[in-house]
1. In angstroms, what radius of gyration and Dmax does region 232-291 have, counting Cα atoms only?
2. Put +1 on the Cβ of each Lys and Arg and -1 on the Cβ of each Asp and Glu in the chain; which of ALA154, VAL123, ILE139 then has its Cα farthest toward the positive end of the dipole?
3. Distance in nm between label sites at ILE114 and ARG93, each 7 Å beyond Cα in the beta-carbon direction?
4. State log₁₀ I(q)/I(0) for region 1-159 at q = 0.15 Å⁻¹ as given by the Debye formula over alpha-carbon point scatterers of equal weight, solvent excluded.
5. At 1.4 Å probe size, with the rest of the protein present, what percent of the exposed accessible area of the chain is carbon and sulfur atoms?
6. Dividing the Cα convex hull volume of the chain by residue count, how many Å³ per residue is that?
7. Quick one: if the Förster radius is 30 Å, what FRET efficiency do ASP16 and THR277 give, using the C-beta to C-beta distance and rounding to 0.05?
8. If you project the alpha carbons of region 72-165 onto the principal axes, what extent comes out on each, in Å, largest first?
Amino acid sequence: MADLDDLREGSDFGLDKEVAGQSFYLKGCDHLDWGLKDRLSRIFRKASGKTVMLAFDHGFLMGPTSGLERIDLNILPLAEHADCLMATRGIIRASVPPTYNKPVCLRSDAGTTILTDMNDNVVIDVQDAVKLNASAMAIMLAIGDPKMEAKTVANLVHTADLGQKYGIPVMGVTAVGKDMARDARYFSLASRVCAENGANIVKTYYCEGFSNVVASCPVPIVIAGGKKLPESEALELAYNAVNEGAAGVDMGRNVFQSDDPVAMIQAVSGVVHDGLTPPQAFEKFEDLKGQ
Ligand code: R5P
């Protein structure tokens, strides 16, 4: 165990310096095996180095939330504008036609819909991820949660072992519980713990001081959108995150609960891949709305 008496918080993140000696276009991925790089290249566009993942895995904990009542009606029209689809195996098999041929970031863990004293999160069989041709497996890490941290770290480590074995990247999903901090210190810790334990991608949240979170995480970070915001604010959130180093978004509610989800995902993509500013992206959203 680290000597906790001498833990000093990091302060020099080298924000003005590129990561040294990289040849592959994604951070920290130079030394990965061919299959891992091939799958990561399906998720992250080479031209921009970024991705727009569409997250619609919410139902595995929350049931049919607003905007996800009918995947066929709510999500399929958005799929062509997403770089990657993030969902559970049940929804992928039941509702997403394989002919879409979209990379899938498979939600690969599951827990109870209520928090219990038992630490009973589980992960799916990696063979099912192989059968679904998953381009990544997403696993939650609940740092700081006394009920769930140990089990979720074990789940991540187990899945990272299998990911290395079968060439499937693992995305660490940093959890945010009701009582957990949502600041750069917490997200830096959670993101770094994900990467140190073998995650090839980290999903976390935008916060003040986000550039330090990105700089101290050795693999690409994508941000979740969080609760629904007005479209202009959600576009600004995506812009700030990408500007401060995020390799894209893994956005759900701010897309599928938008007044016009098809227009919104294209506006988000404009920010992520084409460098649109928030006003330009909002104009794009307004132009596409209702079409
Ligand atoms: C995270 O664990 C959830 O499953 C969602 O995938 C994630 O929060 C992204 O969705 P949203 O943008 O709605 O926060």
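1. Rg then Dmax for region 232-291, in Å: 10.3, 32.
2. The residue sitting most towards the positive pole is VAL123.
3. 2.8 nm
4. -1.00
5. 50 percent
6. 137 Å³
7. Computed FRET efficiency for ASP16 and THR277: 0.85.
8. For region 72-165, the Cα spread along each principal axis is 41, 31, 19 Å.
The values are calculated or read from the model by the stated rules, or taken from the named source; none is laboratory data. Here the structure is a predicted model, which means the values were calculated and not measured. Backbone-built Cβ (ideal geometry, glycine too); neighbour counts: all protein chains shown. These area figures cover heavy atoms from the full protein model, side chains too; ligands, DNA and RNA do not enter into them. Shrake-Rupley method; radii C 1.70, N 1.55, O 1.52, S 1.80 Å.
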